[in-house]
Structure formats: C-alpha cells, structure tokens
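J.: Take a look at the following structure, please.
The values are calculated or read from the model by the stated rules, or taken from the named source; none is laboratory data. What you are looking at is a predicted structure, and each value in this text was computed from that prediction instead of being measured. Glycine gets a Cβ as well: all are built from the backbone with ideal geometry, and neighbour counts include every protein chain shown.
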Amino acid sequence: MENLADRQKSWNKTLNILKAELSAQNFKFWFGKARLGEESEDKLIIEVPSTYTKEQINTKLRGVLEKAIEEGFNQKIPYQLKVNQSLEGNKGDNVLELSSTYLPQNTQISGLNSKYTLENFVVGLSNNLAYAAAQAVTQNPGTTYNPLFIYGGTGVGKTHLMHGVGNVIVKKNPALKVIYCSSEKFMNDFVQSIQTKKTGEFRAKYRNCDLFLIDDIQFISGRDSTQEEFFHTFNELQGKNCQIVLTSDRPPNEIEKLEGRLASRFQGGLMVDIQSPDFDTRVAILKAKCQERGDLLPEECLTLIAENMPTNARELEGKLLQIIQTSKLMHQPLTVESIRNFLGQPQPSNKQIDQKKVIPTINQYFNIKMTEILGPSRKKGFVIPRQIAMYLLYEECKIPYERIGQILGGRDHTTILHGVDKMRNEVNNDREIQKMLLEIKQVLASN
Ligand code: ADP
Ligand code: MG
C-alpha cells in the first residue's frame, strides 16, 4: 500500500466523505474517535473505542463506510474494525481536526477547483452578462435562474465561471453539497454503474445535491441512454430546487442529436453566452494572470501580446506562460523587442515602409475610397484614416509636413502638424488606435 502519509491523507479524505454523508451528530458519535490502525497488506484496520461502536458500524454503516473508503483511497479495500479502548478517552479529535480542514477537502471531493473564483474572473464586454448571471445565481441559488446555461467557444472562461459559482456557494454555506463534473464523467459513471449493477448508488450520488455543475454538456449528444438518465436527474434536481448550471460550446438548439425535451429544459432558465474577449479584456486577463503568478511585465508588453493573440483566454494564458518561461530560461529581460521576437513578428522599424503604399493600404484596411481619404469630409470614419496616414507618412517615411499636405489632397501644413500630434497622443492612450496602427504597419511591412 501507499506510504504512511498518503494513507493518512486518504483516511482523512474518507472521514470527510463520511462527514458529508452522515449527519453531524452521527458522524461524531460513530467516527469521531475512530483512527487508522496498524498497516496491513490487504485490508484497512480501523480502530474504534468500543465493541458496541464496532458492531453498530458493521451492521448499520457498512455500506456507507465501504463506499467512503473506496472514494477516499481511490480503490476498493476491505476493512476490519478493531476495538481499542484507550480511544475512549480520546475526545473525538477527528471532529476537531476536521472542522478546520473540512472546507477545502469538501471542495476537493465535489470536484471544485478553488483556483477559479468570481473574484479573479476578469469582466469585460465579452462576458459581463454571463458574469452577472453567475453572480445572481450565487445570491439566490435554485430559484431565480434555474438552470443557468452558459455557452461560448473554447477557452473563453465557461469552466472558470462555473467553478466561481460553486466556490462562492460553498464558502457561504459549507454544508451544501456541490457536484461538479463534465458530461463525460456523468456518462462514464452512469455506464459503469450499469455494468456493476449499481445504478442505485449512481442515482443517490447525482440526485442528492444542492448545486449541480455540469460542464460541456454538448458531449452528451447522441448518447440516448445517458440523455434519458440525465433528463430524470435534471428533473429531480430541479424539482428539489437544486441549482443547476450547465456549459456548452453552443446553444442547446444547435447541439446535434440532443433530445428535444432536454433542449427545452436547458432553455427554460437563463441562457447567456460568452464571446471571445475583446482587446481590453485580453489585456486585463493577462494582467490578472501575471499578478496571480507574481510576474511583473510592463504594460506595453502585455498590450503587444494581447494585440498579437486575438484568440481565446486559454491560448492567451498559454502564450504568456511560454514567454515568461523562455525569458527566464534565457535570462533575458522581458521587453517589447524580446516579445516581438518571441511572437515572430517582424520589427516594424526594421523595414522601410514604401510611402506609395501607405494610403492605398489604409484605404483597404478601412474600406474607404481614395476620394474619401483625400476629400474634405470631417466624418470620423474618414478623419481617423486620414490622420493615420499623416502619422505614418511623417513618422515612418520621414516626409515633411508640407509635402504630406500636398499628397493628402492639398491640405495646409498646420493641419498635418495637428493630425500627427493628435495621433502621437492617441498611440499612447487609445488601445484601438494602437491596434489599428500595428495591423496596418504589419500589412505594410509584409508587402
Ligand atoms: P472554457 O471552459 O470556456 O473553455 P476556461 O474556463 O477553461 O475556458 O478558461 C481557460 C483559461 O482562461 C483558464 O485558465 C481561465 O482561468 C482563463 N480565463 C478565461 N476567461 C477568463 C476571465 N474572464 N478572467 C480570468 N481568466 C480567464
Ligand atoms: Mg471548459
């Protein structure tokens, strides 16, 4: 068997499971003084203070204990109870020890990951609705929005948000029972329970909780018997006002081979989607992840990564880690240049920009006509491209103001001076402009 420390850990886990299964009084009475006995090859020796306790556990609590051991030790192990009267004087210290460790261990059993909280979930335009819904659920679980159905592409934070809900609820009330599982685990558990003829246990487990978090429900598609079982689980839980939260990569009506009655159940509460994070949210997520890890990166570096990884939060985080680790390995400080190298992005300043291409490229980027960028209109849709043109022609192509004025449809040099100045300011303060400029420069550099 495992070493002593592992054995003790598994035993503690077993006790926690028992504590979750039994009422507080019963637990204290039957297992409050129990302790792990000497090590034995093929069975678990558990010491209890009296013959009476031993007999009662063996007759009344055998099933519960066996199940808790199996879960606590991750395998089926027969147990043997031994009387050790000296434990009688032992003032039920299992209970004392447990009350302090109960919370985190309980969350472990429920499958919750304490790393994912609502506090460290970055809220932005792409996810604020889902975040608000998650918060509402934690305030009135089981009543207002039941079920809560969160959907969105991969890596956008669905799982994170779901654990966040669970963590708030357990923190508020540690006695509540939370189950977090993927729909695949639900399915595997169900299939296994049929094979081992333990569907009763399966149902006892999944139909007795206060919060049921089921991740990636789309994988249930096409599994008829699992869908049937899930339907009944769902109904029973909902009937008991158990809060249900589901996530999926798409809305219910787009999940192929999903029974109609399930789809309509899923739509019966609140459905919210999470979009890919916009630029500001990506920067904020990067900042948060750096803070969590205690890594300090200059703001401009984070901006650069966020600009070049317009994808999901998971990839963003992965890239950030990769960059940080590489720089540590190579003892290189993290600077805009080193990150550019890492991202494999051409250094914009290295290549001379062809001035003749500047205006056509900008027109193409903003989808506007030559007459519009050169013309007199002060519409924002034309002014910004025009000012970007001024800025690039001046800063990158080193063309004097007067000449730029001529190129841009005969404008006065003070207009150009003003435009360049304004862009210089925006480049430092406006992220959208930063992003546009970078993308335009990239096109220009690749031509
Ligand atoms: P999904 O379940 O939608 O595929 P996850 O919840 O697993 O995505 O998120 C992937 C990673 O991105 C996780 O590490 C998560 O913490 C992080 N993440 C996603 N969205 C956010 C957010 N808004 N704030 C903080 N971290 C986020
Ligand atoms: Mg997920």
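J.: Kindly provide the set of residues from the stretch 325-351 that are at pLDDT below 80 and among the β-branched types (Val, Ile, Thr), ordered by number.
T.: THR326
J.: Would you check which residues across the stretch 422-440 are over 34 Å from the mean Cα position of the chain (by Cα) and surrounded by 15 or more Cβ atoms within 10 Å (Cβ to Cβ) and list them?
T.: If the condition is that a residue be over 34 Å from the mean Cα position of the chain (by Cα) and surrounded by 15 or more Cβ atoms within 10 Å (Cβ to Cβ), then LYS422, MET423 are the ones that fit.
J.: Are any residues in the stretch 240-257 within 16 Å of ligand 2 (Cβ to nearest atom) and crowded, with 22+ Cβ neighbours inside 10 Å, and if so, which ones?
T.: Listed by number, the residues that qualify are VAL245, LEU246, THR247, SER248.
J.: In the stretch 33-67, which residues are at pLDDT below 90 and among the acidic types (Asp, Glu)?
T.: GLU38, GLU39, GLU41, ASP42, GLU55 - these are the residues of the stretch 33-67 that are at pLDDT below 90 and among the acidic types (Asp, Glu).
J.: Something else now. Only one of LEU211, LEU237 is over 22 Å from the mean Cα position of the chain (by Cα), under 27 Å from LYS172 (Cβ atoms) and either away from ligand 2 (no atom under 16 Å from the Cβ) or surrounded by fewer than 20 Cβ atoms within 10 Å (Cβ to Cβ) (or both); which?
T.: LEU237
J.: Residues to consider are ILE404, ILE373, ILE399, ILE359; find the one that is more than 30 Å from THR154 (Cβ to Cβ) and outside any helix (DSSP H, G or I).
T.: Selected residue: ILE399, the only one of ILE404, ILE373, ILE399, ILE359 that is more than 30 Å from THR154 (Cβ to Cβ) and outside any helix (DSSP H, G or I).
J.: For the stretch 364-374, how many residues meet the condition of being surrounded by 13 or more Cβ atoms within 10 Å (Cβ to Cβ) and not hydrophobic (A, V, I, L, M, F, W, C)?
T.: Matching residues across the stretch 364-374 total 2.
J.: Looking only at the stretch 87-130, count every residue that is part of a helix (DSSP H, G or I), in contact with a strand residue (DSSP E or B) (Cβ under 9 Å, 6 or more places away or on another chain) and at pLDDT 55 or above and tell me the total.
T.: Qualifying residue count for the region: 4.
J.: Scanning for something in a helix (DSSP H, G or I), over 43 Å from the mean Cα position of the chain (by Cα) and modelled with pLDDT of 90 or more, does the stretch 363-370 turn up at least one residue?
T.: yes
J.: Out of the residues in the stretch 395-421 meeting the condition of being within 13 Å of VAL383 (Cα to Cα), under 47 Å from the mean Cα position of the chain (by Cα) and not β-branched (Val, Ile, Thr), tell me which one is surrounded by the fewest Cβ atoms within 10 Å (Cβ to Cβ).
T.: The residue in question is HIS418.
J.: Return the only residue of ALA204, ALA175, ALA133 being away from ligand 2 (no atom under 16 Å from the Cβ), in contact with a strand residue (DSSP E or B) (Cβ under 8 Å, 6 or more places away or on another chain) and of a type in the set (Gly, Ala, Ser).
T.: ALA133
J.: Which residues, taken from the stretch 264-282, are in a helix (DSSP H, G or I) and not charged (D, E, K, R)?
T.: Within the stretch 264-282, SER264, PHE266, PHE279, THR281 meet the criteria.
J.: When the residues of the stretch 172-192 are narrowed to those that are farther than 19 Å from SER221 by Cα and without any contact (Cβ under 8 Å) to a residue 60 or more places away in the chain, which ends up farthest from ligand 1 (Cβ to nearest atom)?
T.: In this case the residue turns out to be ALA175.
J.: Still on this structure, please answer the following. Mind checking which pairs have a first residue in the stretch 397-411 that is under 13 Å from LYS356 (Cα atoms) and a second that is modelled with pLDDT of 90 or more and β-branched (Val, Ile, Thr), Cβ under 7 Å, 6 or more apart or different chains?
T.: Final answer for the pair search is CYS397/VAL358; ILE404/ILE416.
J.: Still on this structure, I have one more. Taking the criterion of being of a type in the set (A, V, I, L, M) and more than 16 Å from ligand 1 (Cβ to nearest atom), would at least one residue in the stretch 148-163 satisfy it?
T.: So far as the stretch 148-163 goes, no, none of its residues is of a type in the set (A, V, I, L, M) and more than 16 Å from ligand 1 (Cβ to nearest atom).
J.: Only residues that are more than 16 Å from ligand 2 (Cβ to nearest atom) and within 13 Å of GLU317 (Cα to Cα): list them for the stretch 280-294, please.
T.: Selection gives THR281, ARG282, VAL283, ALA284, LEU286, LYS287, ALA288, LYS289, CYS290, GLN291, GLU292, ARG293.
J.: Here is a list of conditions, (1) closer than 13 Å to LEU343 by Cβ; (2) at pLDDT 85 or above; (3) touching a Leu at 6+ places or on another chain (Cβ under 8 Å), and LYS287 meets all of them except one; can you say which number that is?
T.: Evaluating LYS287 over (1) closer than 13 Å to LEU343 by Cβ; (2) at pLDDT 85 or above; (3) touching a Leu at 6+ places or on another chain (Cβ under 8 Å) leaves (1) as the failure.
J.: Within the set of pairs 6 or more residues apart or between chains, which connect a residue that is farther than 22 Å from ALA263 by Cβ inside the stretch 143-163 to a residue that is more than 8 Å from ligand 1 (Cβ to nearest atom) and assigned to a strand (DSSP E or B) with Cβ atoms less than 7 Å apart?
T.: From residues that are farther than 22 Å from ALA263 by Cβ, the pairs are HIS163/TYR180.
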